[in-house]
Structures are given as structure tokens and as C-alpha cells.
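What follows is a single structure, written as C-alpha cells, with notes after it.
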Amino acid sequence: MKTFPLKIGTPDGLLFDGEAERIICRAITGDLAILAGHVNFCTALGMGKAEVVLPDGQRRTAACIGGMLSVMDGTCRVLATTWEWQDDIDIDRAREAKSRAEEILAKGGLTDQEYAAAEAKLRRSLVRIGVSGR
Amino acid sequence: MASDMKAVKLRIKSVQSTMQITKAMELVASSKLRRAKTRAETARPYFEELHQTLRDIANGNTDFSSPYVRPSSADGTCYVVIGGDRGLAGGYNANLFRKLEADSAGEPGEITVLPIGKKVVEYAARRRIPMLSEQFAEVAPIKISDCFTIAKLLCANFREGKYGHVKLCYTTFISMMSQRADTFPILPLNDLEESEDPEHLKKIRNLILYEPDASQVFDAIVPEYLAGLIYGAVCESVASELAARRMAMDSATKNAQEMIDKLQLNYNRARQASITQEITEIVAGAEGV
């Protein structure tokens, strides 16, 4: 199958730079996949599982949270706020974050801002736990 | 003669204690610099890719439904100025402010500043430039989450029409030896377009597909883009500040050493002169007997 250049970057560095066969991501409107020869495209990323299929057929899974995906003249760039490969996810930390966020939400009496922050934290930890599959 | 010697001795002592301080500051700066440099280097690819992507989008964009994209109707520019917390870093802060002045001189309308770094807050207060917020006065502890807060603040004020353009003013970390103050436009995206290039105007624009639609996409990505760029610029600036301080303190230490050497020579000369004089006096006294 044809491949295309893919770059995945976060503020913590460039995590992937090379050829890929396919990338599947959760965007704000739902899951989407990019193949080689895609039209120029731009969307914002949601929170969810992402999958990169390498030219040798190997699949790599990651937790992808926020950011943007763009395809420009054949090059796909994923600039995410957080992108963690399945093996890099700290499951204990995610579980801890989940229980902490649940506690905060259960306690109640929060301002809108605090509520949004706790909810975002809970959702992030859920994505991490889901992707890690442990 | 004796009083002269004492004065020189005191001078040497004071220069020595200053040298101790500059030496210590240099060591502190270079140990901090190592960490800051790694941080700047890891953030740089993201920073560059982000900027490149948005430039590509600005060049190819034909959909002006989002306020972040269309040419701005409002005058006035908001500068996000990232400077240092402390002085004694050679020309670091001065170069940044000079760049800011040179850049803002050509801008029509009012200028607002979002200062990051204590020195920038002081500068804006002295110059009576209105500040958007003084919340981020310290540059050292700024994390990525703070950058998101800054980005949201910038976006909210931009949408309200408080200013029509947003520019970033920071210092690029080129190497340990050289840093350069730089500004570039970040909002609206229309400002990013490289329109001076005549080749580009002739080129047919490749249409970009936005999913679900342009204004929703830009609403979601613009704050992220701003936060990413600001974070990258903060990393670069912090590394630049430390490198500039290390250089300045290094040369200060060298100058102090030079000064001590010179003073020591003067002191020795004065000492020798006083001994010679004493001998002459004794000899003259002996002859008189």
C-alpha cells in the first residue's frame, strides 16, 4: 500500500517522523483515518485512541488528547497537546488521577471552572486507561 | 605613600568580592542553562512544525468565516513580550525592548502588551504602555498549562475586538554564544501569509477541506496554536536569558581578574617605592652623622 510522510509532535518533542500507511484519530466530530493521497485537510483533535499503521503492517496505539491534524501537499502533521504511545502510559498515575477527579466531582460545590478542570482530568485519565488496555 | 597603598589594597578586596559574586552567578546560570537548553530543544520541532502548518494554512486558506482568519478590521496590536525576570544578563532585555520599539513604531493604532517576565512589566509600566494582564509576571515557572490560560485570554480579548493583531516578541536561542530578539505576527492568520512573494500570488491555491467547518476548526485549534507557540517562545527565551547571563557574567569575571592584576601591580609598585624611599632616607641620615 502507498505510504505518506507523517509527523507527530507535542510540546515534549517530535514523537514520530517517518512514513506511515494509515493513521486513525479521534477528531472533534468522530474517528477518522488518513491514507496516502489525501486532499489538503485540517481538523481539530478530540480525546481518544489513535492508531498508526506503519509500512510493515505494524500497528502502534496511542492516547491522543487535543491538538490539530493537518494534511498539506501529502504531508500529514499531527500536533497534539498530549500524545502518549501505549507503552509509555503511566497507568498507575492515570488511575490515581481518575480517582482524584472522581472524588472532586463527587464532593460537589465547585465553580464552573473547577468543574470543567476536574471533568477534563477525568476524561483524560479515562482515555489513558482505555488505551493502555491494562 | 602608605595611605595610597591602603587604598589600593581596599580596592583589590572589593573587586575580589565582586568577582566572587559574578563567578557564582555564572555557575548558577550555566547549571540552569543545561536544563533550559534541553527543554528548548525538545520543544523546538513542535514549535517549528506548528508555525509551518499554520503558515501553510494561511497561504492556502480561502475561507474567511472565522474571525481568527480574516484580515483584521480593528487597529491596535497586542504584543506578547517574553523577557527576563532579572537583569545582569548583558544586553538580553535591552535588545528585546529595542526590537519591540523598532517593530511597534510602524504599527498603526494603539499598542498593548502582555508581559511575561518581571523586567517586561517594569518596562511597560515605565513607558506607560497599557498591559493586558500582569498575571504572568514571572517567566521562570511558566508551564504549558499557563500557556493555555494566556492563549484563552488572548483569544477572548481578540474576539472582543480590543486589538486587531497579536504579535509575539521573544528571543531566539541560536547557540550558547548568540541569541537574537525576534518578533512575528501570530493572529489573525491572515498576517502570516507570505504575500510579498510574487511567485506565490501566481500559484493556484490548493483548497483545504475543513472538518466539520472552518470556523469550528479554527475555534478549536487557534487557542492550542497560540499556547504552543507561546510555550515554545518561553522555552527559547528562558534558555536565551540564561545563556546571555552566563556570557555576561563570564566576561565580568574576566574583567575583574584583569582589574585585580592591574591593581596588584600598582600596589607592588607603591610598596617598592616606599621601601626605596625609606632606604634613601636611612642612607642620607647615615651620611649626615
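The values are calculated or read from the model by the stated rules, or taken from the named source; none is laboratory data. Everything numeric here is computed off the predicted structure, so don't read it as measured data. In this analysis, Cβ positions are derived from the backbone assuming ideal geometry, glycine residues included, and neighbour counts consider all displayed protein chains. With ligands, DNA and RNA removed, areas are computed over all heavy atoms of the protein, side chains included. Shrake-Rupley method; radii C 1.70, N 1.55, O 1.52, S 1.80 Å.
Go through (1) open to solvent by less than 60 Å² (accessible area, probe 1.4 Å); (2) under 11 Å from the mean Cα position of the chain (by Cα); (3) more than 9 Å from every other protein chain (Cβ to nearest Cβ) for A:Gly66 and report which single condition fails.
Result: A:Gly66 fails condition (3) only.
Working carefully through the options B:Arg44, B:Arg86, B:Arg39, find the one that is more than 14 Å from chain A (Cβ to nearest Cβ) and more than 21 Å from B:Leu187 (Cβ to Cβ).
Of the residues listed, the single one that is more than 14 Å from chain A (Cβ to nearest Cβ) and more than 21 Å from B:Leu187 (Cβ to Cβ) is B:Arg86.
Among the residues of segment B:74-86, is any modelled with pLDDT under 85, closer than 30 Å to B:Val222 by Cα and open to solvent by 80 Å² or more (accessible area, probe 1.4 Å)?
Yes, segment B:74-86 has at least one match.
How many residues are crowded, with 17+ Cβ neighbours inside 10 Å and of a type in the set (A, V, I, L, M) if we restrict to segment A:25-35? Break it down into steps so the answer makes sense when it comes.
Here is the first cut: in segment A:25-35, the ones crowded, with 17+ Cβ neighbours inside 10 Å are A:25-28, A:34.
Okay, now just the ones that are also of a type in the set (A, V, I, L, M), so A:27-28, A:34.
Counting residues in segment A:25-35 that are crowded, with 17+ Cβ neighbours inside 10 Å and of a type in the set (A, V, I, L, M) gives 3.
With the condition kept exactly as written, say whether any residue in segment B:213-235 is more than 29 Å from B:Tyr79 (Cβ to Cβ), open to solvent by less than 70 Å² (accessible area, probe 1.4 Å) and out of contact with any Cys (no Cβ under 6 Å at 6 or more places or on another chain).
Among the residues of segment B:213-235, at least one is more than 29 Å from B:Tyr79 (Cβ to Cβ), open to solvent by less than 70 Å² (accessible area, probe 1.4 Å) and out of contact with any Cys (no Cβ under 6 Å at 6 or more places or on another chain), which makes the answer yes.
Note down all Cβ pairs under 6 Å where the first residue falls in segment B:266-289 and is touching a residue at least 60 places away in the same chain (Cβ under 8 Å), the second is open to solvent by less than 70 Å² (accessible area, probe 1.4 Å), and they're at least six residues apart or on different chains.
Filtered contacts from segment B:266-289: B:Asn266/B:Val8; B:Tyr267/B:Val8; B:Ala270/B:Met5.
Can we say A:Gly66 is in the same structural domain as A:Cys25 (by TED's automatic domain parsing), modelled with pLDDT under 85 and either assigned to a strand (DSSP E or B) or small (Gly, Ala, Ser) (or both)?
Criteria met by A:Gly66.
Report yes if B:Asp63 is in a helix (DSSP H, G or I), surrounded by 14 or more Cβ atoms within 10 Å (Cβ to Cβ) and more than 25 Å from the chain's Cα centre (by Cα), otherwise no.
Considered against the rule, which asks whether it is in a helix (DSSP H, G or I), surrounded by 14 or more Cβ atoms within 10 Å (Cβ to Cβ) and more than 25 Å from the chain's Cα centre (by Cα), B:Asp63 comes out as no.
Any chance segment A:91-99 includes a residue that's crowded, with 19+ Cβ neighbours inside 10 Å and outside any loop (DSSP other than H, G, I, E, B)? Spell out how you get there, then give the answer.
At the first step, the residues of segment A:91-99 found to be crowded, with 19+ Cβ neighbours inside 10 Å are A:94.
Those still in the list that are outside any loop (DSSP other than H, G, I, E, B) too: A:94.
Yes: segment A:91-99 contains one or more residues that are crowded, with 19+ Cβ neighbours inside 10 Å and outside any loop (DSSP other than H, G, I, E, B).
So A:Thr61 clears everything in (1) more than 24 Å from A:Arg124 (Cβ to Cβ); (2) of a type outside the set (Asp, Glu); (3) away from chain B (no Cβ under 14 Å); (4) open to solvent by 10 Å² or more (accessible area, probe 1.4 Å) except one condition, right? Which one?
(1)
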